[in-house]
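Novice: Sharing a structure, written as structure tokens. Questions coming.
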Amino acid sequence: MKTREQELIIYRNFEERDEKLLHDMTSLMCGGLGERADGEKMAEVMYRCMHCLLELAGNYGFYGNLWHCFLSDLLVNNENSYSRACEIRGAVEGSINKAALHDIVIFKELFDYDFSDLVKELGIDGFDLITDYTSSDSESKVYNSRIRERICQLAVKFTKDHTPGEMKDTLTEFYRDYGVGKFGLHKAFRIAHSEQGVQIVPIPKIAHVRLDDLVGYEIPKRKLVENTEAFVKGRKANNCLLFGDAGTGKSSSIKAIANEYYEKGLRIIEVYKHQFKDLNDVISQIKNRNYKFIIYMDDLSFEDFEIEYKYLKAVIEGGLERKPDNVLIYATSNRRHLIREKFSDKEDRRDHLHAGDTVQEKLSLAARFGVTIYFAAPDKKEFQNIVTVLAERYHVELPADTLLQEAGKWELAHGGLSGRCAQQFIDYLTGTNTGNG
């Protein structure tokens with residue numbers, strides 16, 4: 001017997017686990033498991049579905065009506081011709097709207113189905129756990145709290161929609177505000193390999209750092225913001241290299257950018273040096289999406305024997321297919337020219353006719369970053385200012401003289417003057433309650 005989910009046109013191809021649960025639940029609704037009198041079999045399937053929904057709640061952190069949360073999760077994660085067209089841009093014109101509405105009519109029926117008679121008939125115990133579930137305080141394994149809240153709130157909004165058209169409008173608004181699928185829900189990603197090839201995998205939790213959290217460095221931060229804002233707004237922007245001393249906030253600035261511009265469609269993909277050969281595959285997966293992507297390379301540098309920088313040069317500039325307009329490359333490094341330079345490189349120029357070409361090849365990589373931003377280690381006065389600001393921010397209650405004296409001792413034993421060292425000192429004070437007076 002055909003069930004309603006089999007009539008979907010564009011909202012198809014869910015994950016196997018979700019496909020099975022959706023099919024079982026819709027089969028129960030229409031009696032598609034056989035004769036209605038076979039209550040024992042139907043009860044067995046119902047309990048299995050309840051188990052799956054409870055597992056879903058544990059893994060994803062869902063609460064409230066778990067059936068509604070499950071359906072909402074399917075809708076916000078299904079990347080199809082309609083959802084991809086609406087992501088970040090909102091409603092679109094054309095016949096695709098009719099196909100989408102056809103499917104939303106079915107989802108509206110699934111949302112509105114009243115299980116009470118079926119549960120009573122089958123003698124199901126504990127179904128209220130599914131319709132009114134209270135989640136534990138533990139974080140989910142898949143979604144962070146921000147994503148979980150959006151899906152659970154969307155499920156509630158759907159119940160308030162009176163018609164399929166209203167439900168479609170609510171869903172389209174979600175696509176416009178947040179996007180669809182993994183790129184819509186998550187801020188940051190990494191690269192992994194599977195049987196299907198190169199995969200872009202979400203990073204569920206990244207540090208909630210903001211640019212204001214980085215004390216000082218106003219000029220470097222302003223240059224980074226100006227370039228990123230131009231990129232997000234669709235104007236011309238440059239690949240960006242953040243270089244300078246260790247612990248000065250280069251990586252934190254990139255994380256802050258990811259948090260600051262997520263709502264405007266910016267996404268970050270972290271790539272390691274050994275993965276540069278995968279860059280073309282990564283770009284092919286993101287070039288036609290409505291997001292802006294920063295490919296992020298942290299602590300980038302190369303030794304003489306490493307040739308991965310050639311993959312990077314080819315991607316930045318020089319292939320037959322130009323880099324898409326929705327992709328930029330941001331890198332951090334302690335080295336201005338990224339590739340280790342030796343005095344012997346200069347000596348080789350005298351010994352070899354074309355040795356200068358080798359040196360220029362190395363230096364040309366850094367030149368392909370149109371914006372370079374220098375993060376310098378603070379002097380003692382700046383370091384003390386960072387410590388003072390952080391102490392106030394974290395409510396450290398120590399006399400100013402004592403605070404700075406202890407900070408001086410700390411930096412001498414822990415790597416010298418840097419923003420990172422100042423943060424570690426404050427973390428030490430708050431973690432040991434030393435700063436509570």
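The values are calculated or read from the model by the stated rules, or taken from the named source; none is laboratory data. Bear in mind the structure is a predicted one, so any value in this text is a computation, not a measurement. Positions of Cβ are generated from backbone atoms using ideal geometry, with glycine treated the same way; all protein chains shown enter the neighbour counts. Remember, those area values only see protein heavy atoms, side chains included, never the ligands or the DNA or RNA. Shrake-Rupley method; radii C 1.70, N 1.55, O 1.52, S 1.80 Å.
Novice: Within the stretch 163-229, list the GluC sites (Glu not before Pro) lying in a DSSP loop whose Cβ has at most 11 other Cβ atoms in a 10 Å radius.
Specialist: Here the sparse-neighbourhood loop sites are 195.
Novice: Then there's this: Helix-derived [θ] at 222 nm for the chain: sum -39500 (n - 2.57) over DSSP H runs of at least 4, divide by residue count, nearest 500?
Specialist: About -16000 deg cm²/dmol.
Novice: Go through the stretch 373-411 and name the chymotrypsin sites (Phe, Trp or Tyr not before Pro) that are in a DSSP coil and have 16 or fewer other Cβ atoms within 10 Å of their Cβ.
Specialist: 394
Novice: Taking the Cα centre of the stretch 125-249 as the origin, how large is its charge dipole in debye, to the nearest 20, when only Lys and Arg (+1) and Asp and Glu (-1) carry charge on their Cβ atoms?
Specialist: Rounded to the nearest 20 debye, it is 700 debye.
Novice: Further, regarding this structure: State the extension gain, in nm to one decimal, for the chain segment bounded by residue 405 and residue 163, taking 0.36 nm per residue of separation less the distance between their alpha-carbons.
Specialist: Once the chain is fully extended between residue 405 and residue 163, it gains 80.4 nm.
Novice: At a 1.4 Å probe, what is the % contribution of carbon and sulfur to the accessible area of the chain?
Specialist: Carbon with sulfur: 49 percent of the solvent-accessible area.
Novice: Nearest 20 debye, what's the magnitude of the dipole of the stretch 1-150 about its Cα centre given +1 on Lys and Arg Cβ and -1 on Asp and Glu Cβ?
Specialist: 520 debye
Novice: With the crude spin-label approximation of a point 7 Å out along Cα→Cβ, what separation in nm comes out for residue 277 versus residue 392?
Specialist: 5.3 nm
Novice: When the chain is modelled as a GNM with alpha-carbon springs shorter than 10 Å, which of 277, 160, 221 fluctuates the most?
Specialist: Fluctuation is largest for 160.
Novice: Could you list which residues have their amide H under 5 Å from that of residue 375, counting only those 5 or more apart in sequence or on another chain, with H placed in the peptide plane?
Specialist: Answer set, sorted by chain and number: 243, 244, 245.
Novice: If you roll a 1.4 Å probe over the heavy atoms of the protein chains, what accessible area per residue do you get for the chain, in Å²?
Specialist: With the other protein chains kept in place, the chain gives 51 Å² per residue.
Novice: Sticking with this structure for a sec: Straight-line reach from residue 409: which lysines have a Cα under 22 Å away, not including same-chain ones fewer than 8 places off?
Specialist: Within reach: 380, 381.
Novice: Here's something else I'd like to know. Taking springs between alpha-carbon atoms closer than 10 angstrom, which of 163, 228, 402 fluctuates most in the Gaussian network model of the chain?
Specialist: Result for the chain, Cα springs under 10 Å: 402 fluctuates most.
Novice: I've got another one for you. Using a simple charge model, +1 on the beta-carbon of Lys and Arg, -1 on the beta-carbon of Asp and Glu, nothing else, what dipole does the chain show about its Cα centre, in debye to the nearest 20?
Specialist: 1780 debye
Novice: Which of these values of log10 I(q)/I(0) by the Debye sum over Cα atoms at q = 0.06, 0.10, 0.14 Å⁻¹ was calculated from the structure shown: [x] -0.25, -0.70, -1.28; [y] -0.37, -0.87, -1.25; [z] -0.26, -0.76, -1.49?
Specialist: It is the one labelled [y].
Novice: Farthest toward the dipole's positive end in the chain, which of 216, 238, 386, given Cβ charges of +1 (Lys, Arg) and -1 (Asp, Glu) about the Cα centre?
Specialist: About the Cα centre, the residue reaching furthest to the positive side is 238.
Novice: Top mean-square fluctuation among 282, 389, 180, Gaussian network model of the chain, C-alpha springs under 10 Å?
Specialist: Of 282, 389, 180, the Gaussian network model singles out 389 as fluctuating most.
Novice: If you fit an axis through the alpha-carbon atoms of helix 164-178 and take the longest principal axis of the Cα set of the chain, what angle between them do you get, 0 to 90°, nearest 10?
Specialist: 10 degrees
Novice: In addition: Projecting each Cα onto the charge dipole of the chain (Lys/Arg +1, Asp/Glu -1 at the beta carbon, about the Cα centre), which of 70, 400, 29 comes out farthest on the positive side?
Specialist: My answer, from the dipole projection, is 400.
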